[in-house]
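Asks: Here it is, the structure in full.
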Amino acid sequence: MAACIFCKIIKGEIPSMKIFESDKVFAFLDIGPLSKGHSLIIPKHHGAKLTEIPDEQLSEILPVAKRIAKALDCPDYNVLQNNGRIAHQVVDHVHFHVIPKPNETEGLGISWPTREANKDELAKLLDEIKAKF
Ligand code: AMP
Ligand code: ZN
């Protein structure tokens, strides 16, 4: 946590292009933007993955993402939150991206390799998930 780059940004030890700050969240421009206006919203509570963040620390994230999306004034955009290396997480402090999609080439590119689900397998999976939910 002491070495966490986003905790350092929250504390002001590393400069950032701050958009908004409250007691729970901090929002700033991404320094490696996928498109103009690419922004990040982070909880002030340190945790690497979404499941490590207390609910009350998450309550402002989507409202702030919505305000940023409106301020960016781009009709098409993605809200993204990566968890774990193979899920493309590089910084181990939970962050939500707001990424404008101004055209086909800029912004987030997504591979979406779907397959048709087997209904019986889906029903079994649903039972398993609901049992743990
Ligand atoms: P992810 O792949 O979801 O972990 O995304 C990490 C994001 O953090 C990338 O888009 C980086 O460009 C961004 N990033 C890393 N360091 C900084 C920084 N000091 N200020 C702003 N954005 C940063
Ligand atoms: Zn941190």
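Asks: Considering only protein heavy atoms and a probe of 1.4 Å, how much of the accessible area of the chain is carbon and sulfur, as a whole percent?
Replies: Working: 5410 of 9290 Å².
Carbon and sulfur atoms account for 58 percent of the accessible area of the chain.
Asks: Using a Gaussian network model of the chain with C-alpha springs under 10 Å, which one of PHE96, PHE20, PHE28 is most mobile by mean-square fluctuation?
Replies: PHE20
Asks: How big is the dipole moment of segment 5-131 about its Cα centre under a simple scheme where the beta carbon of each Lys and Arg is +1, that of each Asp and Glu is -1, and everything else is neutral? Debye, nearest 20, please.
Replies: Magnitude of the dipole: close to 260 debye.
Asks: Still on this structure, please answer the following. List the cysteines of the chain that have no other Cys Cβ closer than 4.7 Å: which are they?
Replies: Unpaired cysteines in the chain: CYS74.
Asks: Now for a separate question. When the chain is treated as a GNM, springs tying every alpha-carbon pair under 10 Å, which of HIS97, HIS88, HIS38 comes out with the largest mean-square fluctuation?
Replies: Among HIS97, HIS88, HIS38, the largest mean-square fluctuation in the Gaussian network model of the chain belongs to HIS88.
Asks: How high is the relative contact order of the chain, in percent, counting Cα pairs under 8 Å that sit 6 or more residues apart?
Replies: Values: 188 pairs, mean separation 29.7, N = 133.
So the answer I get is 22 percent.
Asks: Can you work out the Karplus-derived ³J(HN,Hα) for every residue in segment 11-26? Use 6.51 cos²θ - 1.76 cosθ + 1.60 with θ = phi - 60°, whole Hz, and x for glycine or proline.
Replies: 7, x, 7, 10, x, 8, 8, 6, 9, 7, 8, 9, 5, 10, 10, 9
Asks: Taking the dipole about the Cα centre of the chain, with the C-beta of Lys and Arg at +1 and of Asp and Glu at -1, give me whichever of PRO100, PHE20, ALA87 is farthest to the positive side.
Replies: Selected residue: PHE20.
Asks: Under the 0.36 nm per residue contour assumption, what length would be gained going from the current alpha-carbon distance of ILE86 and GLU116 to full extension?
Replies: Stretched out fully, the ILE86 to GLU116 stretch lengthens by 8.5 nm.
Asks: What ³J(HN,Hα) values, in whole Hz, does the Karplus curve 6.51 cos²θ - 1.76 cosθ + 1.60 give for segment 120-129 when θ = phi - 60°, with x put for Gly and Pro?
Replies: Going residue by residue, I get 5, 4, 4, 5, 5, 4, 4, 4, 5, 5 Hz, with x marking Gly and Pro.
Asks: Right, next: Excluding ligands, DNA and RNA, what is the solvent-accessible area per residue of the chain at a probe of 1.4 Å, expressed in Å²?
Replies: On a per-residue basis, the chain sits at 70 Å².
Asks: So, how do all the Cα-to-Cα distances of the chain break down into 10 Å bins, in percent, from 0 on up?
Replies: 11, 36, 32, 17, 5, 0
Asks: Taking only Cα atoms, what is the 0 to 90° angle, nearest 10, from helix 61-72's long axis to the longest principal axis of the chain?
Replies: Compared with the principal axis, the helix lies near 70 degrees.
Asks: Hey, what do the phi angles of segment 38-50 turn into as Karplus ³J(HN,Hα) couplings, whole Hz, using 6.51/-1.76/1.60 and θ = phi - 60°, x for Gly and Pro?
Replies: 3, 10, 10, 10, 10, x, 6, 5, 6, x, 6, 10, 3
Asks: Compute, for segment 34-86, the length of the dipole vector about the Cα centre, with Cβ point charges of +1 (Lys, Arg) and -1 (Asp, Glu) only. Units Debye, rounded to 20.
Replies: Result for segment 34-86 is approximately 180 debye, rounded to the nearest 20.
The values are calculated or read from the model by the stated rules, or taken from the named source; none is laboratory data. All of these numbers come straight from a predicted model, not from anything done at the bench. In this analysis, Cβ positions are derived from the backbone assuming ideal geometry, glycine residues included, and neighbour counts consider all displayed protein chains. Each accessible area value is taken on the protein alone, full model and side chains, heavy atoms only, with ligands, DNA and RNA left out. Shrake-Rupley method; radii C 1.70, N 1.55, O 1.52, S 1.80 Å.
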